[in-house]
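Reviewing the structure listed below.
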Amino acid sequence: MLKRLAFLALLAVACGGHSPTEPEDTRPRGLLFGVVTIGPNCPVEHQGEPCPPPPEAFTLRKVLIYDEARAKLLFTVDLDSRGSWRISLLPGKYTVDLKRVGIDTASGVPVVVTITASTDVQVDIQVDTGLR
């Protein structure tokens, strides 16, 4: 019996001390969302006739959510097939950035945002792929 209790205590510590029956965090959250626009996507694009980004253009890039000081990466958010992304966050200050690919430059990030309970904050990101 003593060995079993010691094993269960060790298991609880290894799992971060949370039991499977512990309730989920139900504190009010805010929504952080946006759209990542990527271009140019072809070596030559004509005004009004842009090349659409290939699907991998969105799957390779990620929105990165850090603590305010950008000392710790908290979340990595995937983009959908149109570049949209969203995450529900507890109130606080966060730094939003983008995982770039190749020679990408991004406007609009990094940026510090303040999330409050039950509010929406939009951060749109423009990616210049460097293609000319």
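The fraction of accessible area contributed by carbon and sulfur in segment 61-130 is 50 percent, rounded to a whole number (1.4 Å probe; ligands and nucleic acids excluded). Given segment 70-132, what whole percent of its Cα pairs are spread farther than 19 Å? For segment 70-132, the fraction of Cα-Cα distances above 19 Å is 36 percent. Think of each Lys and Arg Cβ as +1 and each Asp and Glu Cβ as -1; about the Cα centre, that makes the dipole of segment 67-109 roughly 20 debye.
Modelled spin labels at Arg70 and Ser88, positioned 7 Å past Cα toward Cβ, are 2.9 nm from each other.
For segment 71-132, the solvent-accessible area with a 1.4 angstrom probe is 58 square angstrom per residue.
Just subtract the alpha-carbon distance of Leu131 and Ala117 from 0.36 nm times their residue separation and send over the number in nm, one decimal. This chain segment gains 1.0 nm when fully extended.
Treat every Asp and Glu Cβ in segment 77-132 as -1 and every Lys and Arg Cβ as +1, leave all other atoms uncharged, and give the resulting dipole magnitude about the Cα centre to the nearest 20 debye. My answer is approximately 80 debye.
The values are calculated or read from the model by the stated rules, or taken from the named source; none is laboratory data. Quick caveat, the model's predicted, so the values are computed rather than measured. Don't worry about glycine lacking a Cβ; one is built from the backbone with ideal geometry, like all the others, and counts go over all protein chains shown. Note: areas computed on protein heavy atoms with side chains; ligands, DNA, RNA excluded. Shrake-Rupley method; radii C 1.70, N 1.55, O 1.52, S 1.80 Å.
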